[in-house]
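The values are calculated or read from the model by the stated rules, or taken from the named source; none is laboratory data. Keep in mind that what you see is a predicted model, and the values were worked out from it rather than measured. Every residue, glycine as well, gets a Cβ built from its backbone with ideal geometry; the counts of neighbours run over all protein chains shown.
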Amino acid sequence: MAMKEMMRIKPNLSGSNPDRQAGVFHADLLQRYQQGFSLLELLVVIVIMGVMSAIAIPAFSDWREKQAVRNIAQTLLAQLKQARVLAVSENRSVRISFSPKFYVFDANTTGNCSTCKNEQVNFSQFSDNLSVNSNKNPISFSSRGTAKNATVTLSAGKNSKKIKVNLIGRAYLQ
């Protein structure tokens, strides 16, 4: 009886066992609830986590590439618009030139431009496998804000975006 007295907890009136109705658990019932996880249960959880990871990692990689393309497209679009405004406001030609690893905003291609910014934007800050293809290099805005038709294609993996510049110098995302 002393063992039963030590094992006394809150009464549970839901069972049919008379000892359980009186609020006393047997030692074997208490041991069953204190055992923990079996090896099989642990392996099932590890397998489920592995399957979920195998699905999530490629989706996350694709999402990162998509974000990188979107971020560089927004950055380049903003700088193309800024180049047009700068060309008109300072009454000079403003260029954006491209290379495989970066582009240069307000590039000093003539060597005698004291107000040129020569701001270099590296593609690696967005993604390591980002590629840029421009049909006009450099894109040049005249002092009137006009430019030649140009298309810049930004891509990483299977994600890509195009930025077009028309004759009046308007840049837009396509």
In this structure, does Asn91 turn out to be in contact with a Ser or Thr (Cβ under 6 Å, 6 or more places away or on another chain) and exposed (fewer than 11 other Cβ atoms within 10 Å of the Cβ)?
yes
Test: Ile96 is surrounded by 10 or more Cβ atoms within 10 Å (Cβ to Cβ), among the aliphatic types (A, V, I, L, M), at pLDDT 85 or above and not in a helix (DSSP H, G or I)
yes
Meets criteria (among the aromatic types (Phe, Trp, Tyr), closer than 23 Å to Gly169 by Cβ and modelled with pLDDT under 90) for Phe105:
yes
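Keeping to region 122-164, report how many residues are in a strand (DSSP E or B) and free of Cβ contacts under 8 Å to residues at least 24 places away in the same chain.
Summing the residues that are in a strand (DSSP E or B) and free of Cβ contacts under 8 Å to residues at least 24 places away in the same chain in region 122-164 gives 7.
Every residue, every condition in (1) surrounded by fewer than 16 Cβ atoms within 10 Å (Cβ to Cβ); (2) within 30 Å of Asn91 (Cβ to Cβ); (3) in contact with a Phe, Trp or Tyr (Cβ under 8 Å, 6 or more places away or on another chain), yes or no:
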{"residue": "Cys116", "(1), (2), (3)": "no, yes, no"}
{"residue": "Gln125", "(1), (2), (3)": "yes, no, no"}
{"residue": "Asn135", "(1), (2), (3)": "yes, yes, no"}
{"residue": "Thr146", "(1), (2), (3)": "no, yes, no"}
{"residue": "Val152", "(1), (2), (3)": "no, yes, yes"}
{"residue": "Ser155", "(1), (2), (3)": "no, no, no"}
{"residue": "Ile163", "(1), (2), (3)": "no, yes, yes"}
{"residue": "Ile168", "(1), (2), (3)": "yes, yes, no"}
